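Reading through the structure tokens given below for one structure.
The values are calculated or read from the model by the stated rules, or taken from the named source; none is laboratory data. What you see is a predicted model; the values in this text were computed from it and never measured. Backbone-built Cβ (ideal geometry, glycine too); neighbour counts: all protein chains shown. Calculation scope for accessible area: heavy atoms of the full protein, side chains included, ligands and nucleic acids excluded. Shrake-Rupley method; radii C 1.70, N 1.55, O 1.52, S 1.80 Å.
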Amino acid sequence: MFVTFEGPEGSGKTTHARLLSEYLREEEYPVVLTREPGGTRISDKLRQILLDPDNTDILPRTEILLFSASRAQLSEAFIRPHLEQGHIVICDRYADSTMAYQGHGLGLDFDTLRTITAFATRGLTPDLTLYLDVPVETGLKRRLGPSNDIGAGSSGTQLPLFDKVDRLDMKDLEYHRRVQQGYEQLRQAEPERWHRVDANRPLEQVQDDVRRKVLSVLEDRS
Ligand code: T5A
């Protein structure tokens, strides 16, 4: 089974993907955990380029091709082989991030994005996508730390430069809101694959929902 986590910055994807994989391993399921961009030696190099705060001159077309190159390497060299061996593959972000960020966020053409993505992944899509839903401002505050004022409520506010901030965090709030609206549309278009989790709650409650959903899908498939 191929499970992905999606959601805005700071929604808890990395935390919950890790907790879920630890839990499934304890329950003796064969499970591997990976992330995007990254997850293989080559993909991790592309991640460094993509997130480097100095690379403010990356153009949207370059950005989509770099994300897709990272994904092509990850899906072919890591995800597919593990699925074929019967593993549960958990991935922190995948192709839906491209539709949300480069499509809805940057305004790139959706048909082109679908074509590039299909080429990069050879059509490999998740069986289950857990969407961690938090208000954009909450997620960014979690990510940046409580002392950082992100100008909540004022659209178009530039995010402050801060040690933990990568190039993509630095985009303005409007961009992050478009991404979130994009996720909503993606979720509504494929409700059978997506499962929304209210991530604006204590960590344990969020993880409980995540586990319950994954276990019920595993049960249905067995
Ligand atoms: N991107 C990615 C694209 O534009 N296109 C693409 O195709 C792809 C694949 C990736 C960036 O690339 C973009 C999206 C991103 O901008 P990244 O560093 O991997 O960059 O960023 P994210 O995936 O967004 O990861 P983040 O670290 O920002 O957020 P997470 O993983 O959602 O959140 P997490 O788990 O790190 O948690 C953040 C903090 O919140 C706390 C955690 O302890 C942590 O401190 N937290 C909670 N606090 C309170 N209550 C809860 N319920 C909490 N859950 C977590």
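Please find, within the range 83-96, the residue that is nearest to the ligand (Cβ to nearest atom) out of those that are open to solvent by less than 10 Å² (accessible area, probe 1.4 Å) and either under 23 Å from Leu59 (Cβ atoms) or not aliphatic (A, V, I, L, M) (or both). Among residues in the range 83-96 that are open to solvent by less than 10 Å² (accessible area, probe 1.4 Å) and either under 23 Å from Leu59 (Cβ atoms) or not aliphatic (A, V, I, L, M) (or both), the one nearest to the ligand (Cβ to nearest atom) is Tyr94.
In the range 7-20, the residues that are farther than 14 Å from Thr129 by Cβ and within 6 Å of the ligand (Cβ to nearest atom) reach residues that are open to solvent by 10 Å² or more (accessible area, probe 1.4 Å) and at pLDDT 95 or above with C-beta atoms within less than 6 angstrom, at least six apart or across chains, in these pairs: Thr14/Asp92.
Of all residues in the range 171-199, none that is of a type outside the set (Ser, Thr, Tyr) has its Cβ atom under 6 Å from the Cβ atom of a residue that is part of a helix (DSSP H, G or I) and exposed (fewer than 15 other Cβ atoms within 10 Å of the Cβ), 6 or more apart or on another chain.
If I filter the range 17-36 for residues that are open to solvent by less than 20 Å² (accessible area, probe 1.4 Å) and closer than 17 Å to Ala120 by Cβ, do I get at least one hit? Write out each step before concluding.
First pass over the range 17-36, keeping only residues open to solvent by less than 20 Å² (accessible area, probe 1.4 Å): 17, 20-21, 24, 31, 34, 36.
After this cut, where a residue has to be closer than 17 Å to Ala120 by Cβ as well, the list is 34, 36.
Yes, the conditions are met somewhere in the range 17-36.
Here Thr56 fits the description: modelled with pLDDT under 95, more than 11 Å from the ligand (Cβ to nearest atom) and open to solvent by 10 Å² or more (accessible area, probe 1.4 Å).
Each row is one residue, and each column tells you yes or no for (1) within 16 Å of the ligand (Cβ to nearest atom); (2) at pLDDT 95 or above; (3) farther than 30 Å from Leu24 by Cβ.
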site	(1), (2), (3)
Glu137	yes, no, yes
Ser155	no, no, yes
Lys164	yes, no, no
Asp208	yes, yes, no
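Scanning the range 97-106 finds no residues that are closer than 26 Å to Gln188 by Cβ, without any contact (Cβ under 8 Å) to a residue 60 or more places away in the chain, open to solvent by 30 Å² or more (accessible area, probe 1.4 Å) and assigned to a helix (DSSP H, G or I).
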